[in-house]
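> Mind having a look at this structure? Questions to follow.
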Amino acid sequence: MNIDVDVGPIRARVRERSKQVFGKRYRLEVFAAVGAGEDPIWSRRIAQSLQLAENQVSGEIQLLASLGALQEFPAPHDRRKLYQRVSHPVWGFARDLVEHTIAEIYPEEPRQASTAYWFQVMAIAEPRPVPV
C-alpha cells in the first residue's frame, strides 16, 4: 500500500471546513478522530494523535458526552476520564465530512489519500466502523 500523501493540506482543509461548519477550528478533526478511534477514549490520547493541546480536545470530548455520543467508560482504578462511543449521527456526519474534504483535495485518488490521512493521524489503516 502506497501512503505517500502529504496530510498537511488535508489537516488544513479539515480545519477550515470545521471553522465553516461549526465555528470551531478543531471540532471536526476531534469528532472524526474520536469516531475513528478505539475505546476507551480520553483527551490526552486524542490530543497526541492530532498533535493538539489537551485543552483543545477535552472540551470537544465533553461536548460529545453532553450530546449523548459518548458515555463514561467504567474504569474504577483509573484516574483518567474515560469514554466509549455509542451510536449517534455525529460519527457518520464527521466521517463523511472529512472524507468529502479529502476527496476535494485529492479527487484522482481519494481512497489512497484517506488511507494515508487515517494512517498518519491515528496510526490506523482505516477508521473504525461508525456505530449504528
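> Might you let me know whether the range 24-43 holds any residue that is of a type in the set (A, V, I, L, M) and more than 12 Å from the chain's Cα centre (by Cα)?
Within the range 24-43 (the criterion being of a type in the set (A, V, I, L, M) and more than 12 Å from the chain's Cα centre (by Cα)), the answer is no, since none of the residues qualifies.
> Specify the residue that is farthest from Arg95 (Cα to Cα); the eligible residues are those in the range 11-25 that are part of a helix (DSSP H, G or I) and either small (Gly, Ala, Ser) or modelled with pLDDT under 95 (or both).
Ala12
> Can you name every residue in the range 96-132 that is at pLDDT 95 or above and buried (at least 19 other Cβ atoms within 10 Å of the Cβ)?
Val98, Thr101, Ile102
> Here's something else I'd like to know. Name the single residue that is nearest to the chain's Cα centre (by Cα) among those in the range 54-91 being surrounded by 15 or more Cβ atoms within 10 Å (Cβ to Cβ) and in contact (Cβ under 8 Å) with a residue 40 or more places away in the chain.
Selected residue: Trp91.
> Restricting to the range 52-70, name every residue that is in contact with a helix residue (DSSP H, G or I) (Cβ under 7 Å, 6 or more places away or on another chain) and farther than 22 Å from Arg11 by Cβ.
Leu67, Ala69, Leu70
> Pairs only if they're at least six apart or on different chains, beta carbon under 8 angstrom, first in the range 36-52 and acidic (Asp, Glu), second surrounded by fewer than 19 Cβ atoms within 10 Å (Cβ to Cβ) and at pLDDT 90 or above; list them, first residue then second.
Asp39/Gln84
> Does Leu28 satisfy the condition of being crowded, with 17+ Cβ neighbours inside 10 Å, in contact (Cβ under 8 Å) with a residue 12 or more places away in the chain and either part of a loop (DSSP other than H, G, I, E, B) or among the basic types (Lys, Arg) (or both)?
So Leu28 fails the test.
> All but one of (1) within 14 Å of Met122 (Cα to Cα); (2) touching a Pro at 6+ places or on another chain (Cβ under 6 Å); (3) of a type in the set (Ser, Thr, Tyr) hold for Ser49; state the number of the condition that does not hold.
(2)
> Which residue is modelled with the lowest pLDDT, if the candidates are limited to the range 1-10 and must be surrounded by fewer than 18 Cβ atoms within 10 Å (Cβ to Cβ) and assigned to a helix (DSSP H, G or I)?
That would be Gly8.
The values are calculated or read from the model by the stated rules, or taken from the named source; none is laboratory data. Computed from a predicted model, the values in this text were never measured in an experiment. Backbone-built Cβ (ideal geometry, glycine too); neighbour counts: all protein chains shown.
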